[in-house]
Amino acid sequence: MDTTEQYGQMNMNLPHDVVSLPSGGKFYKSKKSSIKVGYLTANDENILMSPNMMQSEGLIKTLLKQKIYEPNFNVEELLDGDVQAILLFLRNTAFGTGYRIKTIDPATKKEFETELQLDEINFLKPEIEPNERGLFQFTLPSSEKVVECKFNVFFTVFVFLCFIKEFVTKNNFKLFEIHFKNKSSSS
């Protein structure tokens, strides 16, 4: 399959905006700190509302492949924070930046409604610098050994979490239990 069609580059002449990536592009081969992202269309909204696509990796991957207008950019290599920034951009430009929620005031314990402004969200930016292979190093505190790590990409984590959820559901399995002991009770 032609990668140009696979990753939305055939739409490069459509309206789009440039989205800054929270990672700064440091961990990608291209080192791109921002990418061109197209606006949601009625067709995209149909994809979003498709019952068989809801709650699936396929929904997000399909949407990103159609909306990222960068040559030779593989959406499957995107880091989690960058995916979230792109999805938030798409949501804000399609539906506005206001997001109404109901929550509970921790001081009064009373429920109230408020509106969050999603365009005011500040994404954490990595403070560490990758080495020439896109990995970062740190020293373990106890052993003082130096280890190299790679940030998880969004789709790897998503697939793993879906697998765990499916396993737990099918097997009526509890991942963990928490037991509290009264201080006065004996062990």
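The values are calculated or read from the model by the stated rules, or taken from the named source; none is laboratory data. Nothing here was measured: the structure is a model prediction, and the numbers come from that model. Note that each Cβ is placed from the backbone with ideal geometry, even for glycine, and that neighbours are counted across all protein chains shown.
Per-structure values
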| quantity | calculated |
| --- | --- |
| Residue in segment 65-107 that is surrounded by the fewest Cβ atoms within 10 Å (Cβ to Cβ), counting only those that are farther than 29 Å from LEU135 by Cβ and hydrophobic (A, V, I, L, M, F, W, C) | ALA107 |
| Criterion (closer than 21 Å to THR41 by Cβ and not basic (Lys, Arg)) met by exactly one of ALA85, ALA107 | ALA85 |
| Output for segment 108-152, where each listed residue is of a type in the set (Gly, Ala, Ser) and surrounded by 10 or more Cβ atoms within 10 Å (Cβ to Cβ) | GLY134 |
| Single condition THR62 does not satisfy, out of (1) surrounded by 15 or more Cβ atoms within 10 Å (Cβ to Cβ); (2) of a type in the set (Val, Ile, Thr); (3) more than 24 Å from LEU124 (Cα to Cα); (4) modelled with pLDDT of 90 or more | (4) |
| Segments classed as strands (runs of 3 or more DSSP E), wholly inside segment 11-104, with at least 3 members that are within 17 Å of the chain's Cα centre (by Cα) and free of Cβ contacts under 8 Å to residues at least 60 places away in the same chain | 34-38 |
| Test: residue in segment 143-150 that is modelled with pLDDT under 80 and at negative phi | yes |
| Scan of segment 1-59 for residues that are of a type in the set (Val, Ile, Thr) and modelled with pLDDT under 80, ordered by number | THR3, THR4, ILE47 |
